[in-house]
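For reference, the structure is listed below as structure tokens.
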Ligand code: SF4
Ligand code: SF4
């Protein structure tokens with residue numbers, strides 16, 4: 001037993017200073033930065049290259065944006081002139097994590113979150129129990145969520161804990177591309193969580209289907225099935241980004257414009273869903289400049 | 001003739017996957033040049049398929065295949081439960097086999113329940129149907145398919161480099177193995193000369209991946225034994241490996257470092273390599289210190305020893321692979337038994353244990369962390385100089401390879417081989433991929449035999465007779481991933 005104590009002392013403190021201080025470059029691993037258009041960006045070529053349809057461009061409507069909920073950070077678009085800064089000051093990196101382009105659907109984001117949950121924020125501060133549900137991930141997102149409890153991120157210090165049962169949960173973390181076989185399971189899990197409850201959708205897969213959006217068994221983005229409060233883009237997002245998502249959900253990080261709240265457009269009939277899919281509409285977009 | 005049959009087997013969709021899998025193993029056997037003629041067997045299998053027999057009648061018996069690991073996958077055994085297991089593995093998404101209908105869930109005190117798919121004991125979407133008697137597990141049927149994404153089906157018709165993005169996301173924590181396996185197979189059939197250096201860098205990535213997965217398995221075991229101080233220390237080591245991945249390969253889970261014809265990262269500077277290696281060595285050293293503490297802890301050892309025992313015979317007949325097989329005393333490791341470059345050039349010790357229990361598998365993993373460190377040292381030390389990417393340095397080369405990959409390959413280069421196969425020793429064992437390209441260089445079919453898939457049966461067998469509280473130890477010691485088997 002003594003040996004463990006000694007070892008612990010020898011190692012010193014590993015835990016990140018986030019959220020008191022900005023995370024270091026090391027903690028935001030390199031590909032956590034989204035692509036940014038530069039002067040030489042060829043939007044049309046980018047649109048063709050992008051495997052997930054994250055680059056949206058229409059010359060007639062003069063529409064050009066990068067949908068961060070779809071981007072998997074594959075860096076293919078770098079050949080079309082999009083930049084992937086390797087170093088970036090972490091403040092802007094974090095902002096981009098939850099960026100919105102001011103799409104009208106999100107204008108009232110923070111207010112909604114505030115209205116819905118602000119009364120609870122005080123009690124969440126000491127004890128916030130999250131349940132992770134995998135609805136079809138590749139396991140990398142699961143790893144990253146589990147990593148939140150390792151000494152480098154240690155979210156227990158912020159009063160956030162994992163729980164095993166929906167009945168004890170305050171929030172649901174959803175990872176993975178919603179599989180048809182999991183739709184019902186997801187709904188039932190959600191129903192079993194006592195209200196009020198928060199839902200945090202982690203990873204490109206759960207936000208939009210990511211790279212799996214064209215596979216046969218992909219049902220729909222998670223927010224079409226249960227109401228989602230905060231999204232964390234990335235493939236997979238780094239633990240710091242997920243932690244930030246959790247802190248935003250509990251009102252611990254105040255932001256003015258730096259997070260997205262997905263609209264709760266739950267489909268009643270499958271027909272509507274079909275239409276949605278055909279239009280290829282995506283409800284939140286990333287920064288474009 | 002043989003090839004034609006194999007192609008039909010691999011490419012045809014309505015055929016039971018069990019057959020595809022045994023076909024894979026037969027091709028593998030053929031590639032081994034061991035002189036055995038598989039033609040008759042495949043013909044027989046094909047005839048069975050045409051006669052629409054059930055899955056089971058198509059599974060060859062142990063005697064027919066000989067007791068060689070590479071020829072065994074889903075073989076008939078004396079286990080009466082096996083048919084049900086196989087059915088449950090191939091069932092439609094989310095469905096469970098009806099145990100009651102088979103008389104297995106009957107009797108005084110027998111209790112059945114479903115574990116999963118939402119449980120923290122298994123952080124993935126997958127379930128188990130348990131049949132228990134008191135605390136004892138009588139039978140267990142894994143229920144996979146909750147998250148099958150159908151990657152093999154959806155990449156048909158894609159360009160190989162587009163497909164790579166999906167393939168490497170089959171199992172995020174085995175992504176280096178998956179992408180290397182796929183890229184190597186595609187390069188083989190396109191006859192692309194991959195630079196030496198790229199192949200060596202891929203091997204470094206695979207070994208790093210092995211290290212972090214083994215650390216993860218160990219930490220989860222320690223967590224299950226409520227040794228949380230130690231578990232967190234190992235989790236911290238794992239985090240350090242992930243950060244090394246990010247630093248040198250550009251991604252914490254090694255996504256996107258591979259491409260067809262080379263790798264994107266650059267380890268050409270000696271300082272970089274030395275720095276990388278000294279970090280890895282430090283991690284391995286700290287890990288071995290933690291392990292030493294551990295092996296003196298009776299509480300931990302008691303939980304592992306004699307838990308989920310898998311005999312060598314069972315491991316052979318159920319087709320176990322990877323650390324599971326090696327933990328039961330089967331000396332099979334693709335890095336030695338089926339080496340691709342550069343494993344044929346370097347020495348990787350083969351670690352086995354004869355215990356066959358959770359402890360044996362854990363010991364194999366612990367020693368493999370050390371052997372991977374040695375391998376990384378050799379790989380980095382002797383890394384061939386030169387470019388890491390085909391056509392690197394030429395202007396716009398990357399864009400060319402991204403957008404018009406197929407246009408740059410001539411049709412003639414595609415005619416030599418019909419399909420190509422690659423086997424990689426992933427952290428959980430033997431990963432096999434068979435790729436077939438069409439004339440334009442697009443994917444015609446891909447068949448993946450994931451390592452976890454091969455181990456489900458062994459897992460179910462080994463749990464019989466254990467108490468339910470040992471479930472976590474058994475599960476983590478097998479290193480099973482649902483994402484992997486539900487590719
Ligand atoms: S990095 Fe994102 S935007 Fe760029 S090609 Fe990949 S998915 Fe598309
Ligand atoms: S978002 Fe990326 S890392 Fe996460 S589950 Fe999907 S493919 Fe895997």
Given the conditions (1) in a helix (DSSP H, G or I); (2) buried (at least 24 other Cβ atoms within 10 Å of the Cβ); (3) over 15 Å from the mean Cα position of the chain (by Cα), and given that residue B:153 satisfies all but one, which numbered condition is not satisfied? (2)
Any idea how many residues of the stretch A:142-170 are touching a residue at least 40 places away in the same chain (Cβ under 8 Å) and more than 7 Å from chain B (Cβ to nearest Cβ)? 11
Hits in the stretch B:371-405 - residues which are modelled with pLDDT under 50 and surrounded by 15 or more Cβ atoms within 10 Å (Cβ to Cβ): B:392, B:397, B:398, B:399, B:400, B:401, B:402, B:403, B:405
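Could you say which residue among A:239, A:194, A:221 is more than 17 Å from residue B:171 (Cα to Cα) and either without any contact (Cβ under 8 Å) to a residue 24 or more places away in the chain or surrounded by fewer than 19 Cβ atoms within 10 Å (Cβ to Cβ) (or both)?
A:194
For every residue, the table says whether it meets (1) within 9 Å of another protein chain (Cβ to nearest Cβ); (2) buried (at least 20 other Cβ atoms within 10 Å of the Cβ); (3) in contact (Cβ under 8 Å) with a residue 40 or more places away in the chain.
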| site | (1), (2), (3) |
| --- | --- |
| B:214 | no, yes, yes |
| B:222 | no, yes, yes |
| B:238 | yes, yes, no |
| B:255 | yes, yes, yes |
| B:261 | no, yes, yes |
| B:269 | no, no, no |
| B:276 | no, no, yes |
| B:282 | no, no, no |
| B:285 | no, no, no |
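Taking the options B:208, B:165, name whichever one is in a helix (DSSP H, G or I), within 13 Å of another protein chain (Cβ to nearest Cβ) and at pLDDT 85 or above. Working first, answer last.
Numbers: B:208 fails: within 13 Å of another protein chain (Cβ to nearest Cβ).
Selected residue: B:165, the only one of B:208, B:165 that is in a helix (DSSP H, G or I), within 13 Å of another protein chain (Cβ to nearest Cβ) and at pLDDT 85 or above.
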Conditions (1) within 14 Å of another protein chain (Cβ to nearest Cβ); (2) more than 16 Å from ligand 1 (Cβ to nearest atom) -> residue A:128 fails only (1)
Name the helices (runs of 4 or more DSSP H) wholly inside the stretch A:124-226 in which the number of residues that are more than 13 Å from ligand 2 (Cβ to nearest atom), farther than 20 Å from residue A:251 by Cβ and touching a strand residue (DSSP E or B) at 6+ places or on another chain (Cβ under 9 Å) is 3 or more. A:183-192
If we keep only residues of the stretch B:168-189 that are in contact with a helix residue (DSSP H, G or I) (Cβ under 6 Å, 6 or more places away or on another chain) and away from chain A (no Cβ under 14 Å), then the residue nearest to ligand 2 (Cβ to nearest atom) is B:182
Given the criterion more than 16 Å from ligand 1 (Cβ to nearest atom) and more than 16 Å from residue A:128 (Cα to Cα), identify the matching residue among A:204, A:177, A:219, A:171. A:219
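If you check residue A:234 against the conditions, is it within 11 Å of another protein chain (Cβ to nearest Cβ) and in contact (Cβ under 8 Å) with a residue 60 or more places away in the chain? Steps first, please.
Values: within 11 Å of another protein chain (Cβ to nearest Cβ): yes; in contact (Cβ under 8 Å) with a residue 60 or more places away in the chain: yes.
For residue A:234, the condition - within 11 Å of another protein chain (Cβ to nearest Cβ) and in contact (Cβ under 8 Å) with a residue 60 or more places away in the chain - is met.
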Mind checking whether some residue in the stretch A:38-55 is more than 16 Å from ligand 1 (Cβ to nearest atom), part of a loop (DSSP other than H, G, I, E, B) and at pLDDT 70 or above? yes
For the stretch B:267-321 the number of residues that are closer than 25 Å to residue B:240 by Cα and either part of a helix (DSSP H, G or I) or in contact with a helix residue (DSSP H, G or I) (Cβ under 6 Å, 6 or more places away or on another chain) (or both) is 28
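Of A:173, A:211, which residue is more than 22 Å from residue B:122 (Cα to Cα) and either surrounded by 24 or more Cβ atoms within 10 Å (Cβ to Cβ) or at the interface with chain B (Cβ under 8 Å from one of its Cβ atoms) (or both)?
Details: A:173 fails: more than 22 Å from residue B:122 (Cα to Cα).
Exactly one of A:173, A:211 is more than 22 Å from residue B:122 (Cα to Cα) and either surrounded by 24 or more Cβ atoms within 10 Å (Cβ to Cβ) or at the interface with chain B (Cβ under 8 Å from one of its Cβ atoms) (or both), namely A:211.
The values are calculated or read from the model by the stated rules, or taken from the named source; none is laboratory data. What you see is a predicted model; the values in this text were computed from it and never measured. Positions of Cβ are backbone-derived with ideal geometry, glycine not excepted, and every protein chain shown enters the neighbour counts.
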